[in-house]
Amino acid sequence: MTLYLLLIGLVAIERLAELITARRHRAWTLAQGGREYGRGHYPAMVFLHTVLLVGCVVEPLAAHRPFLPALGWSALALTVAAQALRWWCIASLGTRWNTRVLIVPGLPLVETGPYRLLRHPNYVAVVVEGFALPLVHTAWLTALGFTVLNLVLLRVRIGCEESALTDGGRLRAPASRPSAGSRS
């Protein structure tokens, strides 16, 4: 259990690094004349991701969940892969990546890195990690609860991004081929 708690602590530190990065990128975006969209759902997103980390700790401890090697190691591999994809997204978007929906009018879509393959690769990482991380130590209620709530939230979030990109002048209509959003 100690190594699992260390893993959750490392993910929490990673989330703090994301927030620091996002704050710096937000300042750059606003200085470039950028605009924020979807402020209303942002607190729910932060809350849900915080509850995920809390659930990852509380459920295995309170329910005396065992570490099941086949499940735990597979889930850990998926979690690490999701982190790698997330940071590939962040590196590909550079200063345009953010935890918020921020658009600088007139900038073209990013179509490099994972964005040449998927429209919203960061959300693939979020879905995989949100399901896999709790399963590293058999926290299946947390995995299931987060996944269901996250899918509802992502429906709102992706709709907000698509609308923001259209308003920002980068999309004229829903794309017929995969391309990249500004920060997903």
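The values are calculated or read from the model by the stated rules, or taken from the named source; none is laboratory data. Just so you know, these numbers come straight off a predicted model, no measurement behind them. Using ideal geometry, Cβ is built from the backbone for each residue, glycine included, and neighbour counts are taken over all protein chains shown. Calculation scope for accessible area: heavy atoms of the full protein, side chains included, ligands and nucleic acids excluded. Shrake-Rupley method; radii C 1.70, N 1.55, O 1.52, S 1.80 Å.
Tabulated values for the structure
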read-out: Residues satisfying the stated conditions in region 35-59, i.e. within 20 Å of residue 163 (Cβ to Cβ) and either of a type in the set (S, T, N, Q) or in a helix (DSSP H, G or I) (or both); value: 39, 40, 41, 42, 43, 44, 45
read-out: Residue among 136, 128, 104, 124 that is surrounded by 22 or more Cβ atoms within 10 Å (Cβ to Cβ) and closer than 25 Å to residue 44 by Cα; value: 136
read-out: Residue within region 46-57 that is open to solvent by less than 30 Å² (accessible area, probe 1.4 Å) and of a type outside the set (A, V, I, L, M) present; value: yes
read-out: Residue in region 27-34 that is open to solvent by 20 Å² or more (accessible area, probe 1.4 Å), at negative phi, touching a residue at least 24 places away in the same chain (Cβ under 8 Å) and outside any helix (DSSP H, G or I) present; value: yes
read-out: Any hit, region 77-95, residues being open to solvent by less than 70 Å² (accessible area, probe 1.4 Å), part of a helix (DSSP H, G or I), over 25 Å from residue 162 (Cα atoms) and hydroxyl-bearing (Ser, Thr, Tyr); value: yes
read-out: Within region 30-48, considering residues that are in contact with a helix residue (DSSP H, G or I) (Cβ under 7 Å, 6 or more places away or on another chain) and of a type outside the set (A, V, I, L, M, F, W, C), the one modelled with the lowest pLDDT; value: 38
read-out: Selection status of residue 118, in a helix (DSSP H, G or I) and either modelled with pLDDT under 95 or at negative phi (or both); value: no
